[in-house]
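K.L.:
Can you keep this structure in mind? I'll have questions shortly.
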Amino acid sequence: MSAMTFMERVYMAIVILLVKLLRIKRYTKYKLEAAKQQLETTKNYPMVLVQIPMYNEKEELVELECQRWATMGVNIQYENRHNRNGYKAGALREGLSKSYVRDCQFVVIFDADFQPEQDYLMRTIPYLLTNHDLALVQARWRFVNADECILTRLQEMTLDYHFGVEQEVGSSTCSFFGFNGTAGVWRIQALHDAGGWKDRTTVEDMDLAVRASLRGWKFLFVGDLSVKNELPSTFKAYRFQQHRWSCGPANLFRKMFKEIAYCERVSTWKKIHVLYAFFFVRKIVAHFVTFFFYCIVIPACVLVQDIPLPKFVAVYIPAIITVLNCVTTPRSMHLLIFWILFENVMSMHRVKATIIGLLEANRVNEWVVTDKLGNALKQKANTSKSRTKKRFQFGDRIHLMEIFMGSFLLYCGIYDFTFGNDLFYVYLFFQASAFFIAGFGYVVNADECILTRLQEMTLDYHFGVEQEVGSSTCSFFGFNGTAGVWRIQALHDAGGWKDRTTVEDMDLAVRASLRGWKFLFVGDLSVKNELPSTFKAYRFQQHRWSCGPANLFRKMFKEIAYCERVSTWKKIHVLYAFFFVRKIVAHFVTFFFYCIVIPACVLVQDIPLPKFVAVYIPAIITVLNCVTTPRSMHLLIFWILFENVMSMHRVKATIIGLLEANRVNEWVVTDKLGNALKQKANTSKSRTKKRFQFGDRIHLMEIFMGSFLLYCGIYDFTFGNDLFYVYLFFQASAFFIAGFGYVGTFVSN
């Protein structure tokens, strides 16, 4: 699985390199300026429906704002549902059922925290007007709070790679990528053709994208078009987000596997791309590889020193993967180590969410809205202070899973330092520290907290590499659910929004791609938004982001594989690169290698761990993942440790998605606090004291993994003859930090 992740990263790196060097970004071939000039000359503007699904915004403020715009002559309506059935997918589906939608050709979707530029539609709609097989135009994300704390910086690195590489590659090679759920314009025809919005998973956007792709629709990722938004700046919010992002895809993979595999409307290549690359590798394997290699294999090799760990496995391959993942965020290159450690921490949650998605466990459909602070809230927080003192909440700050993993890695690091004959303990100590930082809640909101900085690193890679590669190679990438303009025709043609998974945006993107629609990622167009700054919110997000794609992969595998409307290359890209490698394999590789294999090599020292496996490959992967956020390169170690922690949750969510376990459709809206709330928090104090809530601060999985890694580190330090305990101690620390809720912003009510 590590080789699968490595080859997927190298493949996308080659594609994106060719795209950059040859200047063959797919959206540049559509002659946007000529289409814009013709549109401005004829003044024959199409009707575009703008949907802004909201959940935790103040109803009175939203209604008053709608009334204000209505008095100015703007055609705007305030719609309020009486239930949350279907979550975001249900809201979007109900919005499309209104009578006024009949006059609209396209629908553009923005989450509440997104801030599109005034020329957004003029930079997206012309693509859809001149290319009738195009279902979705997806813009990339830019983060207004990337500098808020290290958490947002690390998220930026990950998402920049997703948009800059994954989405661009999918768009360029297969005209398919996962709809990001926002900042995208859908052709309503394609949306309906794909079956509309389905709430069967927590990745309704991915679900829609896959179904639309299976219907032959093409997607376009416009990497030059960015929409500002906010990253979650609390570790709690980020964990919820990662749970959804890991569980949803895994669950969608489970639900759609046969549908994708047996789809006759798309090519075999596209089906393979969706099932293998898009779902299996990226949504499932990647989480497992990250967690089990960095948090299991390396500590295991320390504890069992008879098992050698080759350098190319332990060092070279991870290093290449890391470097490839970071090239899209060059400003965060100094955060590369932090990003690696952080990703290792988060891999625990992603693996958990992936497993939930694959097995459809209890939390498979858990939808926790990602908390984002917002700029306005920050200003208010700086001017007043609450008179009440918030009581410590155990679950908001303490994350036991991270603490356990940090303890385990610390033990392995100590063991390797004492009895080993290598230097694994260096990594183990760092990774243990990352788990402890996350477990105790000390990773918080780009320059304000490390949590948002690490998220920035991850998301920068997603947008800067994954989205860009998908758009450039396949004209497909996962719609990110926001900051994307869909051709409504394509949206309807793809079957519309479906809530069968928690990645409805990805679902729609895949379906539209299978319908022959192409996607375009505009990497130069950014939409500001907020990163979740609490670890709890981030875990929920990663669960959905891991579980949803895995579940969508399961649901659409056959549909993609047997689709005849798209090329074989595109199907391969969607199945293999987009789903299997990025959504599945990546999580498993991260978790099992760093949190299972390495500790196992520590406990069973007769099993050597080659340097290329333990050092070189992970190092390359890490560097590749962080280059998209160079400003956070100094956080690279923390990012690695944190990603290893989160890989646990991503693997869990991926398994839930693949197996359609209980939490497969868990949709927890990612909490994003916003700047206004911060401002209010800094200027006033509440007179009421909030009771401590265990689940908001303490995360048992992280504490357990931290303890396991700490044990392996101590064992390796005592009995080993290598240096695995250094890594194990750091990784255990990362799990403990996450487990005790010290990663991300700690925000009062």
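K.L.:
Consider residue 626 against the criteria (1) under 21 Å from residue 10 (Cβ atoms); (2) out of contact with any Asp or Glu (no Cβ under 8 Å at 6 or more places or on another chain); (3) modelled with pLDDT of 75 or more: it satisfies all of them except one. Which criterion is unmet?
P.N.:
Residue 626 satisfies all of (1) under 21 Å from residue 10 (Cβ atoms); (2) out of contact with any Asp or Glu (no Cβ under 8 Å at 6 or more places or on another chain); (3) modelled with pLDDT of 75 or more except (3).
K.L.:
Take residue 208 and tell me if it is touching a Pro at 6+ places or on another chain (Cβ under 8 Å), in a helix (DSSP H, G or I) and more than 14 Å from residue 529 (Cα to Cα).
P.N.:
no
K.L.:
Pairs please, first residue from the range 717-744 and surrounded by fewer than 24 Cβ atoms within 10 Å (Cβ to Cβ), second anywhere and at pLDDT 80 or above, Cβ atoms under 7 Å, 6+ apart in sequence or on different chains.
P.N.:
From the range 717-744, the pairs are 718/414; 718/415; 718/418; 718/419; 719/415; 719/418; 719/419; 721/419.
K.L.:
Just to be sure before I move on: is residue 51 modelled with pLDDT of 85 or more and in contact with a helix residue (DSSP H, G or I) (Cβ under 6 Å, 6 or more places away or on another chain) in the structure I sent?
P.N.:
In short, yes.
K.L.:
Restricting to the range 416-425, and then to whatever is of a type in the set (A, V, I, L, M, F, W, C) and in contact with a Phe, Trp or Tyr (Cβ under 6 Å, 6 or more places away or on another chain), can you tell me which residue is farthest from residue 736 (Cα to Cα)?
P.N.:
That would be 419.
Here's the yes/no breakdown for (1) of a type in the set (Phe, Trp, Tyr); (2) assigned to a helix (DSSP H, G or I):
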| position | (1), (2) |
| --- | --- |
| 111 | no, no |
| 127 | yes, yes |
| 132 | no, no |
| 166 | no, yes |
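K.L.:
Given the residues 68, 140, which is the only one that is basic (Lys, Arg), in contact with a Phe, Trp or Tyr (Cβ under 7 Å, 6 or more places away or on another chain) and either at pLDDT 85 or above or buried (at least 22 other Cβ atoms within 10 Å of the Cβ) (or both)?
P.N.:
140
K.L.:
Okay, next question. Do we find that residue 647 is modelled with pLDDT of 80 or more, hydroxyl-bearing (Ser, Thr, Tyr), out of contact with any strand residue (DSSP E or B) (no Cβ under 6 Å at 6 or more places or on another chain) and closer than 28 Å to residue 245 by Cβ in this structure?
P.N.:
no
A quick yes/no check of all residues on (1) of a type in the set (A, V, I, L, M, F, W, C); (2) at pLDDT 75 or above; (3) within 16 Å of residue 302 (Cβ to Cβ):
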| residue | (1), (2), (3) |
| --- | --- |
| 702 | no, yes, no |
| 708 | yes, yes, yes |
| 712 | yes, yes, yes |
| 715 | no, yes, yes |
| 722 | no, no, yes |
| 733 | no, yes, yes |
| 745 | no, no, no |
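K.L.:
Could you tell me which residue of the range 211-230 is farthest from residue 479 (Cα to Cα), considering only residues that are of a type in the set (A, V, I, L, M) and assigned to a strand (DSSP E or B)?
P.N.:
227
The values are calculated or read from the model by the stated rules, or taken from the named source; none is laboratory data. Only a predicted model underlies this, so the values are computations on that prediction, with no experimental measurement involved. For neighbour counting, all protein chains shown are included, and Cβ atoms are generated from backbone atoms with ideal geometry for every residue, glycine included.
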